[in-house]
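Only one structure is covered here, and it is reproduced in the block below.
Computed from the coordinates by the stated procedures, all read-outs in this text should not be read as laboratory data. Only a predicted model underlies this, so the values are computations on that prediction, with no experimental measurement involved. Cβ placement follows ideal geometry from the backbone for every residue including glycine, while neighbour counts extend to all protein chains displayed.
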Amino acid sequence: MPARLMSLRTSPDASMHGGDVDRITRDYGITSGRLLDFSANINPAGPPVRAMTRLAREAADRDLLTRYPDPDYVELRNTLAAILTVPANGVTIANGAAALIAAIVRAAKPQECLLATPAFAEYTRALHAGGCPVRFFRLAADRAFALDVDALMAVLHRYRPGLCVLTNPHNPSGALTSKSQMLRVLDCVRRTKTVLVVDEAFIDYAPTETLSTETVQSDHLIVLRSVTKFYGMPALRVGYSVSSPNLAARLTTQLPPWPVTTLAASAAAEAIQDSVYAQLTVAAVTERRRWLRRALVYTVRRGSKA
């Protein structure tokens with residue numbers, strides 16, 4: 001058990017997520033179109049056509065551009081609520097998951113956070129900025145970074161942290177923890193009075209495993225979701241959380257007004273309604289995963305014979 005934990009840390013983490021493509025193009029004189037950024041998991045298909053069409057249409061609308069965004073993001077929240085079958089007042093819109101993480105830290109004011117690692121660099125950054133010590137729960141490489149739920153629950157019972165942050169599916173390994181196992185963790189945090197934050201930025205590839213509907217009756221669960229990764233448009237910076245209305249109201253007070261532009265909110269609302277795009281993306285990724293696995297096996301076997 002102790003081997004999975006690191007001591008509490010409060011020093012800033014200098015790591016960043018995503019590649020600085022603009023800097024590379026400047027420093028090396030390479031056009032951005034020739035670069036592949038493997039440090040960010042973005043759908044290579046790019047945005048859905050219907051989202052691009054609406055974005056272009058509204059970008060040319062002079063009247064729309066002279067108005068502030070809808071402060072309640074009614075269309076986007078209602079669309080998400082209908083798709084996820086959760087109350088609209090439990091959906092919080094923000095300019096990416098990173099902004100929501102910082103808002104959660106400010107709202108919850110945890111004395112300590114248990115963070116499964118390796119993880120999205122912004123968690124550590126936001127926790128340190130909020131003055132929250134971090135206790136790391138190590139995911140083992142020799143277990144393909146699969147979450148050891150029993151070990152995690154033992155640590156939760158031992159330390160009873162105010163906050164626990166998990167990623168499902170895990171980024172970047174893709175290790176998926178089943179919903180039934182995640183429900184065990186949720187039951188545990190209710191007993192330890194811990195707020196569980198589950199980053200489901202890539203759950204669109206395994207939609208049946210989401211915990212979003214479990215947020216309705218729980219003040220111990222916040223689910224983070226991303227629109228822009230699965231739908232291939234991170235430049236628009238749209239993320240959201242699903243929680244109880246009580247938690248959502250607290251998070252909203254920690255976010256600036258109009259955190260997302262009108263154009264970004266419209267494109268996001270259009271994208272998430274494109275079920276055909278979603279189905280084709282999941283099918284394409286499944287096939288590409290098979291192809292990559294076969295290619296790697298072939299390469300290894302060929303190398304061993306050389």
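Values as computed for the structure displayed
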{"item": "Inverse mean reciprocal Cα-Cα distance (Kirkwood Rh) of the stretch 198-251, Å", "result": "11.7"}
{"item": "Contour excess over end-to-end distance, with Cα ends at residue 121 and residue 146 and 0.36 nm allotted per residue", "result": "7.1 nm"}
{"item": "The chain: calculated mean residue ellipticity at 222 nm from DSSP helix runs of at least 4, using -39500 (n - 2.57)", "result": "-13000 deg cm²/dmol"}
{"item": "Distant alpha-carbon pairs in the chain (separation over 24 angstrom), percent", "result": "56"}
{"item": "For the chain: relative contact order, % (alpha-carbon pairs under 8 angstrom, 6 or more apart)", "result": "25"}
{"item": "Dipole magnitude (debye, nearest 20) for the stretch 45-105, charges at Cβ of Lys, Arg, Asp, Glu", "result": "160"}
{"item": "The chain - charge dipole about Cα centre, Lys and Arg +1 at Cβ, Asp and Glu -1, debye rounded to 20", "result": "1000"}
{"item": "Packing-based order for 277-283, 98-104, 61-67, using average beta carbon neighbours within 10 Å, highest first", "result": "98-104, 277-283, 61-67"}
{"item": "Low-density loop cleavage sites - trypsin sites (Lys or Arg not before Pro) in the stretch 141-250, where at most 14 other Cβ are within 10 Å (DSSP)", "result": "193"}
{"item": "Cα→Cβ-extended label distance, 7 Å offset, between residue 190 and residue 32, nm", "result": "4.7"}
